[in-house]
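The values are calculated or read from the model by the stated rules, or taken from the named source; none is laboratory data. The structure presented is a predicted model; accordingly, all values stated were derived computationally and were not measured. Virtual Cβ from ideal backbone geometry, glycine too; neighbours counted across all protein chains shown. The area values use the complete protein model at the heavy-atom level, side chains included, leaving out ligands, DNA and RNA. Shrake-Rupley method; radii C 1.70, N 1.55, O 1.52, S 1.80 Å.
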Amino acid sequence: MAGVLAGRLDGAGPVTVTLRTPPPLETPLAVTRSDDGLSLLDGDTLVAVAAPGSDADLVAVPPVPVVDVAAISARYPGFSAHPFPECFV
């Protein structure tokens with residue numbers, strides 16, 4: 001959903017997409033355009049916004065060593081409490 005919304009924003013370059021609420025499945029959504037970017041709506045509910053980004057938003061992050069992944073994921077609080085528990089992305 002975020003990639004599709006970003007792809008609808010005119011111009012090349014980075015795009016920032018912010019999810020505001022879990023998007024409903026199998027539901028037609030409306031896209032509105034403003035000077036700031038795009039809004040994805042489910043009726044009156046704002047689902048996501050897309051806005052042009054900048055190259056400064058692109059930050060290279062070094063990979064996490066494989067030996068550290070298990071310990072890090074064991075401490076991840078999202079396994080027990082997550083705002084979007086059914087989100088698979």
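Using a cut-off of 13 Å between beta-carbons, work out the net charge of the residues near Val15 (Lys and Arg +1, Asp and Glu -1, Val15 not included). Result for the local shell: -3. Surface composition of the chain: carbon plus sulfur atoms contribute 60% of the solvent-accessible area (1.4 Å probe, protein chains only, all chains present). Using only alpha-carbon positions in region 1-41, the gyration tensor eigenvalues give semi-axes of 18, 11, 10 Å once each is multiplied by 5 and square-rooted (largest first). Counted by Cβ distance under 15 Å from Leu46, the other residues give a net charge of -1, where Lys and Arg count +1 and Asp and Glu count -1. Note on the chain: percent of Cα-Cα distances in each 10 Å bin, starting at 0 and stopping at the bin with the largest distance, equals 14, 35, 31, 18, 3. Restriction of the trypsin sites (Lys or Arg not before Pro) in region 1-53 to DSSP coil positions whose beta-carbon has at most 14 other beta-carbons within 10 angstrom yields Arg8, Arg20.
Separation between the Arg33 and Met1 pseudo-spin-labels, each 7 Å from Cα along Cα→Cβ, expressed in nm? In this crude label model, Arg33 to Met1 measures out at 2.3 nm.
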